[in-house]
1. Taking the 0 to 90 degree range and rounding to the nearest ten, how far is the long axis of helix 123-133 tilted relative to the main principal axis of the chain, both from C-alpha atoms?
2. Would you compute, from DSSP H runs of 4+ residues alone, the mean residue ellipticity of the chain at 222 nm, taking -39500 (n - 2.57) per run and dividing by the full residue count, rounded to the nearest 500?
3. Evaluate 2.2 N^0.38 Å with N set to the residue count of the chain, then give the Cα radius of gyration divided by it.
4. Report the net charge of residues surrounding Thr112, where surrounding means a beta-carbon distance below 15 angstrom and charges are Lys +1, Arg +1, Asp -1, Glu -1.
5. About the Cα centre, and with charges only on the beta carbon of Lys, Arg (+1) and Asp, Glu (-1), how big is the dipole of segment 8-133? Nearest 20 debye, please.
6. Across segment 98-113, in residue order, what do the Karplus-derived ³J(HN,Hα) couplings come to in whole Hz, using 6.51 cos²θ - 1.76 cosθ + 1.60 with θ = phi - 60° and x for Gly and Pro?
7. Taking the Cα-to-Cβ direction at Ser56 and at Val68 and moving 7 Å from each Cα, how far apart do the two end points lie in nm?
Amino acid sequence: MESILENDVVARWVGHRRGMPTAHVTAELLRVHFHPAEKIAGLLRDLEIPITAVRSVDVVPDGLRAAVGIRAPGLGVPGLRKIGTWRRKKRKTVVAVRRGRPALRLTLAHATYDALLLEVADPEATAAAISAAR
C-alpha cells in the first residue's frame, strides 16, 4: 500500500513536492502570489499589500505550529499542511505553510487581513527586504 504522500495527485494538493507562495517587495507594495493549487485548496487569491500597512515582520521556525485559530475557509491536512484563512477573536490570518518549514509572519494594519503566515523560498531575505522598504 502506498503512502498518501507517494500518491502524486495528493502530493500536489498538499504541496509536498511543489508549490509555495512567492513574495515580491517593492518600495510601495508587497505582492504575494499563490500557487494555483493553493488558490483552489485555500480559496485564496493573490494579494497586494501597501508596505505602509505592514506593522511587523518576523520569521517563525515552524509555520505549521504558528498557525492558530479555526480554518474558515481553507484546507488543513493534520500535521502536514495548512492553506487558507485562519480566524480567531476578530482576527483573520492568511496561512500557507508546511510542517517543519520556517515561515514569514507579517502583522498588518488597515488591511483585509490582520496577518499573513507564509512559507516562502527565503523567509529571512524576504523579511529583510520588507523591513528595508518600511
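Readers should treat all values here as calculations from the given coordinates under stated rules, not as data from a laboratory. Not measured: the values here are computed from a predicted model. A quick note on method: Cβ atoms are made from the backbone with ideal geometry, for glycine too, and the neighbour counts reach across all protein chains shown.
1. Computed tilt is about 20 degrees.
2. Numbers: 4 runs with 29 residues, N = 134.
It lands at -5500 deg cm²/dmol.
3. Numbers: Rg = 14.4 Å, N = 134, 2.2 N^0.38 = 14.1 Å.
Against the empirical 2.2 N^0.38 Å value, I get 1.01 for the chain.
4. On the way: positive: Arg31, Arg45, Arg55, Arg87, Lys90, Arg91, Lys92; negative: Asp46, Glu48, Asp114.
Around Thr112, the charge tally is +4.
5. Working: 21 positive and 11 negative charges, 140 e Å.
Using Cβ point charges on Lys, Arg, Asp and Glu, segment 8-133 gives about 680 debye.
6. Whole-Hz 3J(HN,Hα) from phi for segment 98-113: 10, 4, x, 10, x, 9, 8, 10, 10, 9, 10, 10, 6, 9, 4, 10.
7. With each label placed 7 Å out from Cα toward Cβ, I get 1.2 nm.
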